[in-house]
Amino acid sequence: MEIDVVCDDVYGGEAYGKLFETIIGDIGKSFMIAKAKLVLKPEVPLFVFSVILKNAPGCKTMSDAVSFREEGDELHISISNERYAPDVLSNLWQKFGRPNVQQQTRFDLIVTGAKQADVEDMVISTGEEAVEEILGAFWRALPEGIRVRDALIDGKVITVVATEEIMIQERKEMGLAVHKEMIKEGEAILDV
């Protein structure tokens, strides 16, 4: 993930870039982000965090994350995409009950009384969770007194404009300018 930090304080900007990278890494979303831009103006105060996602978060079904094999009244499921493992398991528990879902290994499950047709189209992720987690990472990276926040989300670009005082039009426009710039950069980066 490329991080561009705009800040008058070189040391502070570098430290903030590392903090942001660590927080995004801690939530496991680094793989989703092509580029991040942090505009830090603590003297205003104004903070603009913007990211370009590699792909727009979308709805994922069970078929996107697992492979199936039916044997009698048992459905054998192998999870091929690790990051959806908790979602797969919780959805199966909810639909079939814990006693009917046996976890053989971390990625291999057996569901008694299920057929592939029963589960292949089950939604395991709407994509909204990823956006919420990234916004949550933004909130954690912001200084403590920064409470007034506006979020801008357009396809593959998520931007937060934040201040501790009233969000005046000038600050909103500065954030919107960064957002639009990232949309253009995203089109150039990802459409190559």
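Using the structure shown, decide if PHE138 is aromatic (Phe, Trp, Tyr) and open to solvent by less than 20 Å² (accessible area, probe 1.4 Å).
Details: aromatic (Phe, Trp, Tyr): yes; open to solvent by less than 20 Å² (accessible area, probe 1.4 Å): yes.
Judged against the criteria, PHE138 is a match.
Residue pairs whose Cβ atoms lie under 7 Å apart, sitting 6 or more positions apart in sequence or on different chains, and linking a residue in region 6-22 that is over 21 Å from GLU181 (Cβ atoms) to a partner that is assigned to a helix (DSSP H, G or I), are LEU19/ALA141. Selection within region 7-23: residues that are hydrophobic (A, V, I, L, M, F, W, C) and within 16 Å of PRO143 (Cα to Cα). The member of this set that is most open to solvent (accessible area, probe 1.4 Å) is LEU19.
Residue-wise test of (1) at pLDDT below 95; (2) closer than 22 Å to MET32 by Cα; (3) in a helix (DSSP H, G or I).
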residue: LEU89; (1), (2), (3): yes, no, yes
residue: ASP118; (1), (2), (3): yes, no, yes
residue: GLU132; (1), (2), (3): yes, yes, yes
residue: ARG140; (1), (2), (3): yes, yes, yes
residue: GLU144; (1), (2), (3): yes, no, no
residue: VAL161; (1), (2), (3): no, yes, no
residue: MET167; (1), (2), (3): yes, no, no
residue: GLY186; (1), (2), (3): yes, yes, yes
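Considering the conditions (1) open to solvent by less than 20 Å² (accessible area, probe 1.4 Å); (2) aliphatic (A, V, I, L, M); (3) more than 17 Å from the chain's Cα centre (by Cα), ALA117 is excluded by exactly one of them, (1). Taking every residue in region 102-116 that is in contact (Cβ under 8 Å) with a residue 12 or more places away in the chain and pairing it with any residue that is surrounded by fewer than 16 Cβ atoms within 10 Å (Cβ to Cβ) and assigned to a loop (DSSP other than H, G, I, E, B), at least 6 positions away or on another chain, the pairs with Cβ-Cβ distances below 9 Å are PHE107/SER80; ILE110/GLN104; THR112/ASP73; GLY113/ASP73; ALA114/ASP73; LYS115/ASP73.
Mind checking whether some residue in region 38-48 is within 30 Å of ILE77 (Cβ to Cβ) and surrounded by 15 or more Cβ atoms within 10 Å (Cβ to Cβ)? Break it down stepwise before answering.
Going residue by residue through region 38-48, those that are within 30 Å of ILE77 (Cβ to Cβ) are none.
Scanning region 38-48 turns up no residue that is within 30 Å of ILE77 (Cβ to Cβ) and surrounded by 15 or more Cβ atoms within 10 Å (Cβ to Cβ).
With the structure loaded, tell me whether LYS35 is surrounded by 13 or more Cβ atoms within 10 Å (Cβ to Cβ) and either modelled with pLDDT under 95 or under 26 Å from GLU181 (Cα atoms) (or both) or whether it fails that test. Criteria met by LYS35.
The values are calculated or read from the model by the stated rules, or taken from the named source; none is laboratory data. These numbers were taken from a predicted model, which means no experiment stands behind them. Counting neighbours? That spans all protein chains shown, and the Cβs are built from the backbone with ideal geometry, glycine included. Accessible surface is based on the protein model in full, side chains and every heavy atom, while ligands, DNA and RNA are left aside. Shrake-Rupley method; radii C 1.70, N 1.55, O 1.52, S 1.80 Å.
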